[in-house]
Amino acid sequence: MDYFLSEEQLMIKELCAQIAQEKVVPVRAELDEKEEFPWEIMKVMAASDLFGLFIPEEYGGLGKGSFELTIAVEELSKACLGVSTTYAANALGTYPILLFGTDEQKKKYLPDIAAGKRLVAFGLTEANAGSDAGGTQTTARLEGDHYVINGTKQWITNGGEAEIYTVIAITDRSKGPRGASAFIVEKGTPGFSFGKKEKKMGIRASATRELVFEDCRVPKENIIAREGMGFLVAMKTLDSSRVGVGAQGLGVAQGALDEAVKFARQRVQFGHPVIGFQAIQHMIADMATDIEAARALVYAAARYADSGAKDVTKVSSMAKLFATDVAMCVTTNALQVMGGSGYMREYPVEKMMRDAKILQIYEGTNQIQRNVIAQNIIKEAAKAR
Ligand code: COS
């Protein structure tokens, strides 16, 4: 289908497709096997200005939006979700500064982020605060000109590799979610260290670590927005970022379908290429239809977000939910089309299936997305009455 991309958007798509083919595809299996962080690919993306896509020009970026980021993430995800997670999580970590930062904070951090000089990570999740993001235990206490942060964040994408961290901590426990605040913490700040790198089922090129804060003193000007706005910062950040997770689902699904079609055209059984069998054709037709529906929804959600609409929560959750469920279904069925070959590491589809699973879990499980969608429908119905 033609989504009427502008010339500039087509250029971004082609550039990312080229990086994916030339730089990602040749090394993705090795990065997965060795659990190696894709620094070389990140350098290529930085040199191509791709880290600045969604950052305003006045802060050194290209001044584009969610839609352009979606296209970039989709193309990278066709090749490797470990690589695209590294890139997309950088945007996730940047949104708190972009959406709520002061001009000084933006001037201080965004140009380096846009240039890809400093990678970013978002620190929300904790051992006992996963789906229940309001259950944050990490604390930040104001002492003179500094906040003193104590606590541990868990499963943080880009942890250890990133230079800049946007972190949610409680400044007033008596206020529940309204007692959370958001902070910028730089790598190297005394009292801030990292746990071991997690061993994962998929997206093994991406780094996942604990962030450990032990009397970590950050200047009080590093608070994002005001005390008590941390939960809102986190929710608005996720509203913006979940469209990108949808784009990841879309990309990996398309990548898996392309592999399955290529395989089925050359695999001969009973004297015919298996693509000639209706059982295979129907699976391919279903996969392609699901992917197109996911693309239409993800692109519409990204364009809606770029229109300046305030109420993006429901549609970004829908895009994440639908496209990532499609990703799990399509990668599983693509592997099935390829039979025993699909299960082997010689082909990329088993990795795509392992990688796809996280999309239904991170940035809010798909069960949480359904809660968010339903809550918003209930609110809309109450308003309409
Ligand atoms: N935008 C603006 N405000 C929002 C919001 C959003 N997207 N989501 C919630 N809020 C507001 C609510 O309106 C409410 O405000 P009031 O106190 O004025 O009524 C406040 O925030 C608390 O909201 P709620 O009561 O819905 O919070 P819950 O503790 O029930 O949690 C969910 C809400 C489950 C949606 C939230 O915790 C969540 O998104 N969890 C998943 C977290 C996640 O994605 N983790 C992955 C980590 S990042 S990889």
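Each value in this text was obtained by applying a stated rule to the coordinates, not by laboratory testing. What you see is a predicted model, and the numbers here were worked out from it, not measured in a lab. Positions of Cβ are generated from backbone atoms using ideal geometry, with glycine treated the same way; all protein chains shown enter the neighbour counts.
Looking at the range 106-199, what strands (runs of 3 or more DSSP E) fall wholly within it and have at least 3 residues that are closer than 23 Å to Tyr59 by Cα and of a type in the set (A, V, I, L, M, F, W, C)?
Numbers: elements: 120-123, 139-143, 146-157, 164-170, 180-186, 192-194.
Per the criteria, 120-123, 180-186.
If Tyr299 satisfies all but one of (1) within 23 Å of Lys78 (Cα to Cα); (2) within 16 Å of the ligand (Cβ to nearest atom), what's the number of the condition it fails?
For Tyr299, the failing item is (2).
Could you give me the residue pairs with C-beta distances under 7 Å whose first residue belongs to the range 365-385 and is in contact (Cβ under 8 Å) with a residue 60 or more places away in the chain and within 11 Å of the ligand (Cβ to nearest atom), whose second residue is assigned to a helix (DSSP H, G or I) and among the charged types (D, E, K, R) wherever it lies, and which are 6+ apart or on separate chains?
Partner pairs satisfying both residue conditions: Gln369/Lys320; Asn376/Lys314.
Being out of contact with any helix residue (DSSP H, G or I) (no Cβ under 9 Å at 6 or more places or on another chain) and in a helix (DSSP H, G or I) narrows it down to one of Ile373, Ile378, Ile291, so name that one.
Ile378
Residue-by-condition table, conditions (1) under 28 Å from Val372 (Cβ atoms); (2) more than 10 Å from the ligand (Cβ to nearest atom); (3) surrounded by 20 or more Cβ atoms within 10 Å (Cβ to Cβ):
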site: Phe122; (1), (2), (3): yes, no, yes
site: Gly130; (1), (2), (3): yes, no, no
site: Gly134; (1), (2), (3): yes, no, no
site: Ala140; (1), (2), (3): yes, yes, yes
site: Glu143; (1), (2), (3): no, yes, no
site: Thr152; (1), (2), (3): yes, yes, no
site: Gly159; (1), (2), (3): yes, yes, yes
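Checking Ala182 against (1) of a type in the set (A, V, I, L, M, F, W, C); (2) within 16 Å of the ligand (Cβ to nearest atom); (3) surrounded by fewer than 18 Cβ atoms within 10 Å (Cβ to Cβ), which single condition isn't satisfied?
(3)
For the range 12-48: of the residues being in contact with a helix residue (DSSP H, G or I) (Cβ under 8 Å, 6 or more places away or on another chain) and among the charged types (D, E, K, R), which is farthest from Ala205 (Cα to Cα)?
Narrowing the range 12-48 to residues in contact with a helix residue (DSSP H, G or I) (Cβ under 8 Å, 6 or more places away or on another chain): 12-13, 15-17, 19-21, 23-25, 27-29, 31-32, 36-38, 40-42, 44-45, 48.
Checking the rest, the ones that are also among the charged types (D, E, K, R) come to 13, 23, 28, 32, 36, 40.
Working: Lys13: 22, Lys23: 14, Arg28: 8, Asp32: 5, Glu36: 5, Glu40: 12 Å.
Once the filter is applied, the top-ranked residue is Lys13.
Return only the number of the condition from (1) part of a helix (DSSP H, G or I); (2) within 11 Å of the ligand (Cβ to nearest atom) that Lys310 does not satisfy.
Only one criterion in (1) part of a helix (DSSP H, G or I); (2) within 11 Å of the ligand (Cβ to nearest atom) is unmet by Lys310, namely (1).
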